[in-house]
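Here is the structure we will look at, set down as structure tokens.
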Amino acid sequence: MRISGAGLFSAALAAIAAYAVITALHWPSKAALFPLVMGIPLFVLALIQMVIDWRGVSASGDAPGERAALGVLAWMAFFIMLVFLLGFPTAVPLFIFGYLFIAGRESWLLSTALALIAWGAFYLLFQKLLHFPFDAGVLTGGGL
Amino acid sequence: MIEAALQGLSLVLQWNAFSLMLVGMALGFVVGLLPGIGGAATLALMLPFVFKMTPVEAFAFLLGMHSVAATTGDITSILFGVPGEALSAATVVDGHPMAKNGEAARALGAALMSSLVGAVIGAAALAVSIPIVRPLVLTFGSPELFMVTVMGIACITSLSGQGTSAQLKGFAMGLLGLLLANIGQERQSGILRFDFGLIYIWEGLDLIPVLVGIFAIPEIIDLAARGTAIAGNAPATRLGAGVWEGIKDTFRHFWLVVRCSAVGVLVGILPGAGGGVAQWMAYAHAVQSAKDTADRERFGKGDVRGVLGPGAANNSKEGGDLIPTIAFGVPGSGAMAILLGAFLIMGLHPGPDMLTKHLAVTYSMVWTLVIANVITVVACLALLPYLAMVTRIRGSLIIPFLLLLVFVGSYTANRQLADLVVTLGFGAAGYLMMRFGWPRAPLVLGFVLGKLAETYLFISMARYGYAWLAQPLVLVLMALTALIIVLPYLQERRTHAN
């Protein structure tokens, strides 16, 4: 038996199901019925899959490597932070420029031009045409 | 009736109504590309503009916008793997792999042409069925609607791939989706389930951040890892020829398109069945229509039939949705509930009046659905070679714009910053699912249907006790559900026997 990423994923799924079932046991029957009916078989299936994974006979998917995944997820987290601090309208051009210039290694001229185009399109569509009310960031006038 | 139909056509073709329809279509085209601001949200945003319009102008404007948004939602699904509409995600499953194989134009051609056929079938159903559909709609109470959702859930078997392990993973993901739908306040008892003390979760998880995270983020990660364009190093087919190939595919598999359109109409007619289920049921039907196991294995890897089925159902559903809305004032979906508001603003009362006094207005809606879709498809076909070229732009240039599309889409649904965090979380989960070979489609199907299933089950139990299990239509639907579950296994056994 060997511990693999796939096995850990199945174990995490079993843990989620177990948590759902244990939590639902404390609720009235009306509220508990569906989580129990879904959670118990999910727990069993995840356990079976965990055994299959740890015996090393499961076929894995064809996803890209962790490095790219962590990179993209880190940029996403950075964008959320920008929106939180500065609000969408300011975060959009900063993010586009930052990603193109740093991660994409594009020239500063192209990065600036595309960031401005993105900001212009965003402004025209959401603010001028649809009048969509984006909240300001905590540093630009919005509260928490 | 024919006279009213012709009168409806002439009303739509009048300069004012026609130009407003074009304005609505232009708006629908843009917002259809954005996840989050879907057809329903756009209808709500544009409702205040119809006050000064005549009924025909208002419905030309609103329905033109709504039907185009449903069509163009498929474009981002295919090109980038980002569902343009929350309920049109099934096109991603085979459409985006086609784009990665260098067949974006073919996939787009197939999606648009099947959408057009679906829209025409939906409109025809609307035109002929209003007088006769009343018994069907009235027959469907909570027990029958519960069984329809169970039928949708049973489609998991077709979305899970071949083999015992794949089926096990598919069912587990379907159950996880159903469990996720339980998050938030329970409607009968008011108990907060899995809320972790967060007010944000009280209403449950929103579909759009979950959907966009699960489907779009893993594709963006894939693009970043490959370091190439979306179409990678796939041989560049002649883009224009690819479009025509997609159009021809629609007619090569014409009966599949017709059957999937019928699925869309039927799901649309049933108020409360949920628009999301139509596309997935159509996709599942397309998978089940495969000749044998080897043929089924092509799905999910870029099979054009996986684009044709959802494309057709997505648009035929609009005609189906309108039937109970117009005939009884019972909206079949969120968008139709908003449209009902437009009826009241116009001083129209859905019901018998729409079939007698205002029959010409009703037919003008039918014609709007048809004309708006024809114009959209013709305009898109002219643009498709250029749209498909997007798949040849290098990944590093396109990734920040895709991330922007994903986040703006997630945020605009509810204006909640927490939705962005949910998108990130489900993006990471979607990546892990892809990495370890867990199918994503069953999770989405379970999530879409979970709340509906629970609600209808409780109403059925409260109203009928266990007696609802013996109702004739429930038994028929149970048999159909069993058939949906068993059919793939029977197909597999037949293949092995051969």
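Rule-based calculations on the coordinates, nothing more; no lab input. Please read these numbers as outputs of a predicted model, since none were measured by experiment. For neighbour counting, all protein chains shown are included, and Cβ atoms are generated from backbone atoms with ideal geometry for every residue, glycine included.
Values computed for the structure shown
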{"quantity": "Which of B:Asp303, B:Asp419, B:Asp321 has the fewest Cβ neighbours within 10 Å, and the rest in rising order", "calculated": "B:Asp303, B:Asp419, B:Asp321"}
{"quantity": "Long-range HN-HN contacts of B:Phe436 with modeled amide H, under 5 Å", "calculated": "A:Gly61"}
{"quantity": "Phi to ³J(HN,Hα) by Karplus 6.51 cos²θ - 1.76 cosθ + 1.60 over the stretch B:442-457, Hz, x for Gly, Pro", "calculated": "x, 4, 5, 4, x, 5, 5, 8, x, 5, 4, 4, 5, 4, 5, 5"}
{"quantity": "Under 13 Å, Cβ to Cβ, from B:Asp419 - net charge with Lys/Arg +1 and Asp/Glu -1", "calculated": "-2"}
{"quantity": "Average partner coverage of B:169-177, which counts Cβ from other chains inside 10 Å", "calculated": "6"}
{"quantity": "Per-residue mean of C-beta atoms belonging to partner chains within 10 Å, peptide B:447-453", "calculated": "1"}
{"quantity": "Order by protection proxy (mean Cβ within 10 Å, highest first), peptides B:193-204, B:356-367", "calculated": "B:356-367, B:193-204"}
{"quantity": "The stretch B:338-363 and the stretch A:66-136: distance between their alpha carbon centers, rounded to Å", "calculated": "44"}
{"quantity": "Ordering of B:294-300, B:398-404 by packing [mean C-beta count within 10 Å, highest first]", "calculated": "B:398-404, B:294-300"}
{"quantity": "For the stretch A:66-129: relative contact order, % (alpha-carbon pairs under 8 angstrom, 6 or more apart)", "calculated": "27"}
{"quantity": "At least 27 Å along the helix axis (C-alpha) and Kyte average at least 0.5, DSSP helices within chain A", "calculated": "A:5-24, A:29-54, A:66-86"}
{"quantity": "5 angstrom amide H check on A:Gly87, placed H, neighbours 5+ away", "calculated": "A:Gly137, A:Val138"}
{"quantity": "Tensor-based shape of chain A (alpha-carbon gyration tensor, a/c under 1.5 rounded, otherwise prolate or oblate)", "calculated": "oblate"}
{"quantity": "Candidate lysines for bridging to A:Lys30, where Cα separation is under 21 Å - those fewer than 8 sequence places away on the same chain excluded", "calculated": "B:Lys451"}
{"quantity": "Cβ-defined net charge surrounding B:Phe407, 13 Å radius [Lys, Arg +1; Asp, Glu -1]", "calculated": "0"}
{"quantity": "Long-range amide H partners of B:Ala229 with built H, under 5 Å", "calculated": "B:Gly395"}
{"quantity": "Mean separation of Cα contacts under 8 Å (6+ apart) over length of the stretch A:5-54, as relative contact order %", "calculated": "55"}
{"quantity": "Within 10 Å of each Cβ in A:105-111, the average number of Cβ atoms from other chains", "calculated": "1"}
{"quantity": "Most positive-pole-ward Cα, B:Thr293, B:Gly174, A:Phe95, against dipole of the protein assembly as shown from beta carbon charges", "calculated": "B:Thr293"}
{"quantity": "Shape category assigned to the protein assembly as shown from the gyration tensor of Cα positions, a/c cut at 1.5", "calculated": "rounded"}
{"quantity": "Tensor-based shape of chain B (alpha-carbon gyration tensor, a/c under 1.5 rounded, otherwise prolate or oblate)", "calculated": "rounded"}
{"quantity": "Value of relative contact order over chain B, rounded to a whole percent, pairs C-alpha under 8 Å and six or more apart", "calculated": "29"}
{"quantity": "Listed residues B:Leu445, B:Asn373, B:Tyr431: farthest to the positive end of the dipole of chain B (Cβ charges)", "calculated": "B:Tyr431"}
